[in-house]
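Let me begin by presenting the structure, written as structure tokens, before commenting on it.
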Amino acid sequence: MPVHDERKKKSQGSASVMSSHTSLWNPDETQPSIQAQMTIVKRRTQIQMAVGLIVIAPFWIPTQGQAKNQDAFIPVPVNLRARLIERLTLLVDYQRSQQWEKQYDLLSVLFTQGKGKEEFVKVSRDWYAQGLGTTLLDFTPKAVVVHSGSVDHGEWTIYGCAKVREKKRTVKLYASVDAHRENGDWFFSQVAVVTPIDGKTKPCPY
């Protein structure tokens, strides 16, 4: 899973994704050009892709999550909410079942960083074949935060509980996934476990 640098989000004034998010590849090549306003997002994504599926975060945990899953999406405009839930559900299902070809079509350009589908699929398969990826079994959204520094409020983070298989055991961990508005639709990072600065994963706080 991808890595999200929550320290940058916090510095933007926001309240501010599934292995110990170890990226599927290292983005060493030239990155595609994107809008200047998204520079902060791009930098965070580069860190995510370089470090892997680990979300770097301080000890801050959102406290606005609701008990019911649908309540988590209340901050999202009504006209965008159903489509977000629909595509997020597919993203999680494809990651759980390791259908990388299908998941690629739901990933944000800020996450893929110009990498093609063929390369993404190959690296993903190799990564898990070597036992390096933590297997995502399920992800339950609990809170959604919009980042005020994003272009037209097009960047969101969805926090929740990820059920993962880790070292032959099943655990529930604190996780997140970024959602972006691109070309009139929702695109995402992968689901990743949130890891504080000390590097230790946290149980789901909800």
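For the residue pairs Lys122/Lys200; Lys142/Lys167; Lys168/Lys200; Lys142/Lys200; Lys167/Lys202; Lys122/Lys142, alpha carbon separations beyond 27 Å are given by Lys122/Lys200; Lys122/Lys142. Taking a sphere under 10 Å around the Cβ of Leu173 and counting the other residues whose Cβ falls inside, with K and R at +1 and D and E at -1, yields a net charge of +2. Seen from Arg96, the other residues with C-beta closer than 11 Å to its C-beta sum to a net charge of 0, counting Lys and Arg as +1 and Asp and Glu as -1.
Extending 7 Å from the Cα toward the beta-carbon at both Lys117 and Lys202 defines two label points whose distance is 3.7 nm.
When each of the peptides 91-97, 74-80, 138-144 is scored by how many other beta carbons lie within 10 Å of its residues on average, the order from highest to lowest is 138-144, 91-97, 74-80.
Laboratory data are not the source of any read-out in this text; all were calculated from the coordinates shown. If you're wondering where the values come from, they're calculated on a predicted model, not measured in any experiment. Cβ coordinates were reconstructed from backbone atoms using ideal geometry, including for glycine residues, and neighbour counts include every protein chain displayed.
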